[in-house]
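I have placed the structure first, in the form of structure tokens, so that the comments after it can refer back to it.
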Amino acid sequence: MKKMISRRNFLTTAGVVAAAGVLTACGGSSSSTAASSTAASAAGSAAASGDTIKIGVMGPLTGNVSVYGQAVVNGASLYLKQVNADGGINGKQIEILTEDEQGDATQAVNCFTKMVDEGITALVGDVTTTPTLAVAAESADYNMPMVTASATAEAVTYDAETDTVNENVFRATFTDPFQGIKMADYAYQKLGYTKAAVIFKKGADYNEGLAENFVNEFESLGGTIVDQESYSEGDVDFKTQLTSILGKGPETVFCPNYYEEVGQILSQAESVGLNVPFLGGDGWDGLEGYATADQLKDSYFCANYAKGSSPEFEDAYKAEYGEDYPNGFAPLGYDAAKTVVYGVQAAEDAGLEAGTDEYKQAVNDAIASGTIEGITGTFTFDEHHDPVKKTAILTYVDGKPELKEMF
């Protein structure tokens, strides 16, 4: 039995926040909205009498990783709006409190505590690993139910050193270890590669986590890691590392980095004559447009969602936002919100008072034991609060990602 993280009792008094049109600030712009103009009006008039349920949605809406934050926030908000349009939770409308943490851990904690003061009952967030780790640590004092759509570091939900599970924190995505292991298995077992190299950004939990687990798994299967190269935050010239890799003769290169840097790496690999297939994790989502079809030939990456898996979601997203869903982080945001609502529904069904310790614990307990019928797959949660589900393996056809298989 894993130990659950301890917490202190902590109650907050929520201020009255209108359900639509209110702009606040937390290192950036934020807003509080209900599902539609009609629902927003109804929720706004009911807020003072406690007939709304406040759910926070946090992500980097500006800054270098805003492409992920906007997708998660839009996906989560879409589901919450759909719940409202269907009558809410036991007749109560959801009030969505949205914050932009700008991709910064300190801002993320500030945004979280601000939303707690405003009376949220649960949080969809954060998005990237480092801010999520900061919010998860802060949220323990409140036992605030928290579901991240996309933060993949193992430590978000589980501290391996102390064998402690973060009782109130869950995720909709798979973990860094899971991705690294899956891609090593796929490279060795399905693609037949026996010699691989790795290039990753050092000092970043996501990149290092995938790289370490890929190396360990690939070698345990009998493969050889011929070279491991790293680079630092802000580097734009990778030719020295890539030339070193070229000299070691790998059959493939595992590149567990985010798509903008991956695009630069693929371009420079081509320029130094390193033309072997590259492999990646879910940070590759959005890579098309940053690399040519030739550079992407025979490359594979793992993801939670493949285009076309849920036409209903994709159509609803386009209807709501006027554009196609941008990447796989949007459906993860949708499923993270669905997970939060699953837990909140249980607390409401039990007749508990929002904001109390009993209410928050009921949300956490329901999620931990629940089955979520998500658009990224049907999933339960394991003892570390990570989802149990298959992963999509995608490849590129004419420079565009397509589902190869579920693995």
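Taken together, the residues in region 385-403 that are modelled with pLDDT of 95 or more and buried (at least 18 other Cβ atoms within 10 Å of the Cβ) amount to 6. Restricted to region 250-285, and to residues there that are open to solvent by 40 Å² or more (accessible area, probe 1.4 Å) and of a type in the set (G, A, S), the residue that is farthest from F200 (Cα to Cα) is S271.
Screening region 141-157 for residues that are within 21 Å of I53 (Cα to Cα) and open to solvent by less than 10 Å² (accessible area, probe 1.4 Å) and picking the one that is farthest from the chain's Cα centre (by Cα) gives N143.
Of all the listed residues (A137, A160), the sole one being open to solvent by 10 Å² or more (accessible area, probe 1.4 Å), farther than 14 Å from G59 by Cα and at pLDDT below 95 is A160.
Among the conditions (1) touching a residue at least 24 places away in the same chain (Cβ under 8 Å); (2) on the phi < 0 side of the Ramachandran plot; (3) open to solvent by 10 Å² or more (accessible area, probe 1.4 Å), A337 misses just one, which is (3). Summed over region 180-209, residues that are open to solvent by 40 Å² or more (accessible area, probe 1.4 Å) and among the β-branched types (V, I, T) total 2. Considering each residue of region 236-249 in turn, at least one proves to be of a type in the set (A, V, I, L, M), open to solvent by less than 10 Å² (accessible area, probe 1.4 Å) and at pLDDT 95 or above. For the condition surrounded by fewer than 17 Cβ atoms within 10 Å (Cβ to Cβ) and modelled with pLDDT of 95 or more, D227 does not qualify. Could you tell me whether K202 is more than 18 Å from V276 (Cα to Cα) and among the basic types (K, R)? So K202 fits the description; yes. Search region 305-334 for residues being among the aromatic types (F, W, Y) and not in a helix (DSSP H, G or I), and hand back the single one that is least open to solvent (accessible area, probe 1.4 Å). Among those residues, the one meeting the criterion is Y305. All conditions but one from (1) of a type outside the set (S, T, Y); (2) more than 24 Å from E402 (Cα to Cα); (3) modelled with pLDDT under 95 apply to V363; the one that does not is (3). Take the residues in region 163-179 that are farther than 10 Å from D386 by Cα and assigned to a strand (DSSP E or B), then tell me which one is least open to solvent (accessible area, probe 1.4 Å). Filtering first and then ranking leaves V165.
Considering region 333-350 alone, what residues qualify as being touching a Gly at 6+ places or on another chain (Cβ under 7 Å) and within 17 Å of F174 (Cβ to Cβ)? Passing the criteria: G333, Y334, D335, K338.
Determine, yes or no, whether E229 is touching a helix residue (DSSP H, G or I) at 6+ places or on another chain (Cβ under 8 Å) and at negative phi. When the stated conditions are applied, E229 passes them. Looking at the structure I just gave you, is D282 modelled with pLDDT of 95 or more and either of a type outside the set (A, V, I, L, M, F, W, C) or within 26 Å of Y193 (Cα to Cα) (or both)? No: the conditions fail for D282. If you scan region 138-168, which residues turn out to be closer than 15 Å to D365 by Cα and β-branched (V, I, T)? Answer for region 138-168, where residues must be closer than 15 Å to D365 by Cα and β-branched (V, I, T): V147, T157, V165. Selection of first residues in region 297-323 that are at pLDDT below 95 and of second residues that are acidic (D, E), restricted to Cβ pairs under 7 Å at least 6 apart or on distinct chains, gives the following pairs, ordered by first then second residue: A303/D282; A303/D285; N304/D282. Any residue that is surrounded by fewer than 22 Cβ atoms within 10 Å (Cβ to Cβ), of a type in the set (G, A, S), closer than 26 Å to E323 by Cβ and touching a residue at least 40 places away in the same chain (Cβ under 8 Å) - is there at least one of those in region 73-87? Checked against the condition, which is being surrounded by fewer than 22 Cβ atoms within 10 Å (Cβ to Cβ), of a type in the set (G, A, S), closer than 26 Å to E323 by Cβ and touching a residue at least 40 places away in the same chain (Cβ under 8 Å), region 73-87 yields at least one hit.
Can you work out which of the residues in region 286-299 that are open to solvent by 30 Å² or more (accessible area, probe 1.4 Å) and of a type in the set (S, T, Y) is nearest to the chain's Cα centre (by Cα)? Step by step, filter region 286-299, then rank; the result is Y290. Of the residues contained in region 72-95, one or more are found to be in contact with a strand residue (DSSP E or B) (Cβ under 7 Å, 6 or more places away or on another chain), among the hydroxyl-bearing types (S, T, Y) and in a helix (DSSP H, G or I). Is it fair to say D117 is of a type in the set (D, E) and either crowded, with 23+ Cβ neighbours inside 10 Å or in contact (Cβ under 8 Å) with a residue 40 or more places away in the chain (or both)? In short, yes. The single condition among (1) out of contact with any Leu (no Cβ under 9 Å at 6 or more places or on another chain); (2) within 22 Å of A392 (Cα to Cα); (3) not assigned by the TED database to the domain that holds V72 that Q264 does not satisfy is (2).
The values are calculated or read from the model by the stated rules, or taken from the named source; none is laboratory data. In this text the structure is predicted, and so the values were computed from the model without any measurement. Glycine also receives a Cβ, built like all others from the backbone with ideal geometry; neighbour counts cover every protein chain displayed. With ligands, DNA and RNA removed, areas are computed over all heavy atoms of the protein, side chains included. Shrake-Rupley method; radii C 1.70, N 1.55, O 1.52, S 1.80 Å.
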